[in-house]
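The structure appears below as structure tokens.
Just so it is clear, none of the values below were taken in a lab; they were calculated from the coordinates. A quick note: this is a predicted structure, and the numbers were derived from the prediction, not measured. Cβ atoms come from the backbone with ideal geometry, glycine included; neighbour counts cover every protein chain shown.
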Amino acid sequence: MTRKIEIHGELFSISGGAAALGVVLGGLLFTPLSLNTASAAGAGMASPLVIGAAEISANISTDISTDIIGAAPAMSQPLLLAQAKKKDDDDLLGKDDDDDDDDDNLLKDDDDDDEEKKETEATGKPLTKAGKEHAALFAESRYPSATTCGTCHPRHFEEWAVSQHSYAQLSPAYMALQNFINLNVNGTNGDFCIRCHNQVGMNMEEPVGVSNLERHPTSREGITCIVCHRVANIYNKASGRVALVEGDLLQPVYGPAGDKELKRVLANRNEYRVVTKADEPGRKIHTEAIEFKEISSSTFCGTCHDVTLLNGFRLEEAFSEYRDSPAAAEGITCQDCHMGKVQGIVSGYHEGPAAVVGGVPTKSRKLTNHIMAGPDYSLLPPGIFPHNAEAQQLATLSEWLTFDVAAGWGTDKFEDNVPAGMKFPKAWESIDARYDGREIIDYQLKRLAYVRTLRLEVLRNGYFMSDVKATRANGNGIDIQAKVSNITTGHNTPTGFTGERLVWIRITVMDADGKVVFQSGDTDANGDVRDNESAFVHAGELPLDTQLFNLQSRFLVQSVRGGERERTVTIPYSTTALPFLRPTRLSLVLTGESTVERNHRKGIEPLGHRIAKYEIPGSALTGKGPYKAKVELLAQMFPINLISTIQVVGFDYGISPRAAANAVVAGREVLYEETISIDVK
């Protein structure tokens with residue numbers, strides 16, 4: 001069930017248990033309004049449940065695998081092109097066998113105003129909802145879609161389509177966090193989060209809290225092409241509030257190389273078959289590429305990657321860390337490490353054509369990699385993410401939510417044994433549609449598996465674990481230590497949203513019989529480490545892990561009595577009935593941070609290290625040596641307790657908290673692992 005609540009004229013979508021009743025917050029009753037959305041039952045998404053020690057059984061393995069995160073084998077080469085189109089499709093990447101010159105639509109041949117009518121007449125069937133939605137991408141005149149850009153820039157599109165930038169607005173966790181914050185500060189956080197995650201949507205004046213199922217297709221693309229390539233000014237640390245240059249595909253774009261190659265293409269229109277006027281038939285192209293050197297600078301990245309709230313709270317400081325780093329002193333840019341051949345290190349850049357226009361490549365030049373892998377990963381069904389033009393044409397997001405991947409829809413094994421009378425959602429009633437859907441799903445899983453290898457690559461290029469050893473081993477106990485290093489020169493590790501970045505050591509010590517005598521860094525049934533935020537520790541069902549090594553920062557907020565305490569989300573405890581997020585009234589020049597909340601950072605500075613130390617008392621030893629200690633350094637994009645905290649507002653797409661938690665755990669990475677043998681003397 002999904003509902004809407006209204007806060008100061010702004011509608012917020014909530015789902016799950018909280019949707020069935022009014023939400024009382026800060027003395028106000030938010031009355032839910034009815035909202036119909038597609039059922040997610042076909043995607044294996046159960047009804048939302050409250051995650052807590054009393055509500056969940058302790059049977060969740062740390063190696064959970066779900067159909068949300070694919071387990072397809074890693075790909076050895078980057079994906080540059082989507083699946084081969086059908087014979088009659090014109091994707092502008094090959095020869096055109098049509099008798100007209102109209103090629104500026106990625107998936108259709110016709111550019112006339114009555115395209116939809118002709119499609120209906122030709123097939124005898126009206127366009128599907130998905131087809132109409134996909135066609136809207138090309139009709140948008142203010143903010144061109146990445147799908148439109150991908151027509152001539154297939155490599156850049158495929159890289160972007162699996163990136164965290166393209167996931168920025170689709171993320172159900174981010175949407176829930178944003179709505180939770182606005183609920184708890186009576187809407188006064190406004191568009192602070194979404195203005196960076198979805199600048200197109202905010203320029204379109206879409207409601208802040210509306211579901212992605214109801215947004216314009218270009219809005220759902222998050223940090224899409226034009227968010228960088230239609231920016232004409234330098235903003236420095238603006239926490240993501242920038243103005244986009246509006247205009248259709250024919251209008252200028254901004255990039256590092258200028259327009260020398262574009263002018264050559266425009267001078268050879270017969271070869272590239274391009275046009276520069278709206279009323280001309282043919283492949284339309286932007287008329288100017290304005291040189292904007294700043295797009296290659298770290299300052300351009302800092303526009304969004306330093307996040308300071310209006311009350312002075314410094315949520316993210318990746319750019320500030322960089323400005324004070326050895327990399328900055330050496331002239332190394334963010335792009336040098338994150339857009340090169342190897343993720344996370346200076347590795348040079350690929351060379352190749354920046355565009356392929358009508359099957360004809362442009363001249364070779366420096367190419368930047370637009371994947372820019374990082375710690376985040378998708379919690380969504382593969383029909384929705386990565387971005388895929390064919391998936392968008394085949395079905396809407398709501399329809400993809402009903403495609404049952406786990407049941408095997410579209411596979412011979414399933415289709416050859418469909419029970420008589422089995423009913424399918426309307427979009428998937430046809431066996432052909434299910435086979436087409438499965439083909440897309442298989443391709444999507446390969447893309448997800450590939451980008452997962454790059455995520456591991458960038459994390460391993462940031463962290464290193466070494467010097468695992470026992471410093472004491474006798475009848476009084478065993479002492480073990482491990483060195484964890486930041487091997488980058490550009491910023492702290494972790495960086496960015498450090499208050500939710502989980503990077504920790506899991507250590508298990510066993511005797512010769514395999515009996516566990518010591519553990520730290522193990523997780524509870526929800527998937528949380530046993531820290532102060534674990535529901536099972538709070539309930540007294542598990543002991544606090546007093547020796548936990550965790551680099552996750554802590555949000556410390558002011559309590560009503562003036563002291564500080566940890567909190568999962570950065571909202572201070574207000575002394576008023578109506579909590580508001582207010583601009584600071586005092587200069588922050590001296591303090592550098594808000595007076596009511598702060599980020600207690602625990603990360604490692606560039607080229608620095610920390611020593612994790614563990615003490616095992618003699619009373620825990622069994623006397624059956626030698627002992628073995630398995631030490632692992634792990635990374636997870638955020639803790640499960642964040643999901644349990646923000647679940648009151650529900651998750652977009654009808655995803656349950658349990659399904660979201662399972663997907664988070666499934667994306668957990670083991671960065672390094674070492675086992676040592678210990679003889680007790």
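Note on the range 358-460: Rg/Rh from C-alpha atoms, Kirkwood Rh, equals 1.09.
Give the order of HIS600, HIS153, HIS216, HIS491 when sorted by the count of other beta carbons within 10 angstrom, beginning with the fewest.
So the ranking, lowest neighbour count to highest, is HIS600, HIS216, HIS153, HIS491.
First obtain the Kirkwood hydrodynamic radius of the range 288-404 from its Cα pairs, then insert it into the Stokes-Einstein equation at 25 °C and 0.890 mPa s, and state the resulting D in µm² per second as a whole number. Rounded, D is 138 µm²/s.
Note on THR453 and PHE414: the extension gain reaches 11.0 nm, defined as 0.36 nm multiplied by sequence separation minus the Cα-Cα distance.
List the pairs from LYS293/LYS602; LYS263/LYS446; LYS341/LYS469; LYS515/LYS681 whose alpha-carbon separation is above 31 Å, in the order I gave them. Can you show the working numbers first?
Details: LYS293/LYS602 35 Å; LYS263/LYS446 38 Å; LYS341/LYS469 35 Å; LYS515/LYS681 19 Å.
Result: LYS293/LYS602; LYS263/LYS446; LYS341/LYS469 exceed 31 Å.
Take the alpha carbon gyration tensor of the range 199-337, find the square roots of its eigenvalues, order them as a ≥ b ≥ c, and report rounded if a/c is under 1.5; if not, report prolate when a/b exceeds b/c, else oblate.
oblate
Order these by the 10 Å Cβ neighbour count, fewest first: ARG155, ARG668.
Final ranking by Cβ density, sparse to dense: ARG668, ARG155.
Over the Cα atoms of the range 238-283, the radius of gyration divided by the Kirkwood radius equals 1.09; this is the Rg/Rh ratio. Considering the range 408-482, its Cα convex hull presents a mean projected area of 10.7 nm².
One chain, two ends: HIS350 and LYS263. Fully extended at 0.36 nm per residue, the span grows by 29.0 nm beyond their Cα-Cα distance. Computed from point charges on the beta carbon alone (+1 for Lys and Arg, -1 for Asp and Glu), the dipole magnitude for the range 504-565 about its Cα centre is near 280 Debye.
Legend: ranking of residues GLU390, GLU205, GLU673, GLU321 from fewest to most surrounding C-beta atoms inside 10 Å; resulting order GLU205, GLU673, GLU390, GLU321. The calculated P(r) of the range 347-414, using every Cα pair and 5 Å bins from 0, goes 3, 13, 13, 14, 13, 14, 12, 11, 6, 1 in percent. Overall, the ratio between the Cα radius of gyration of the range 115-367 and 2.2 N^0.38 Å, rounded to two decimals, is 1.10. Placing +1 on the Cβ of every Lys and Arg and -1 on the Cβ of every Asp and Glu, with nothing else charged, gives the range 141-250 a dipole about its Cα centre of roughly 240 debye. For the charge dipole of the range 115-367, defined by +1 on Lys and Arg C-beta atoms and -1 on Asp and Glu C-beta atoms about the Cα centroid, which residue among HIS165, ALA232, ALA278 has the Cα displaced farthest towards the positive pole? Ranked along the dipole, the leading option is ALA278. Here the relative contact order of the range 200-248, from alpha carbon pairs under 8 Å that lie six or more residues apart, stands at 31 percent. Residue separation of SER466 and THR546 scaled by 0.36 nm, minus their Cα-Cα distance, works out to 26.6 nm of gained length.
Relative to the compact-globule estimate of 2.2 N^0.38 Å, the Cα radius of gyration of the range 423-551 comes out at 1.57.
Which distance in Å, rounded to a whole number, links the C-alpha centroids of the range 428-447 and the range 452-530? With the range 428-447 and the range 452-530 each reduced to a Cα centre, they are spaced 39 Å.
Between the listed residues ILE431, VAL418, LEU445, the Cα displaced farthest toward the positive end of the dipole of the range 400-459, a dipole computed from Cβ unit charges relative to the Cα centre, is found at LEU445. The alpha carbons of the range 494-556 occupy a box of 43, 27, 18 Å along the principal axes, longest dimension given first. Pairwise Cα distances in the range 384-438 exceed 17 Å in 32 percent of cases. Where does the Debye-calculated log10 I(q)/I(0) of the range 441-487 sit at q = 0.31 Å⁻¹, using only Cα point scatterers of equal weight, no solvent? Computed log10 I(q)/I(0) values: -1.00.
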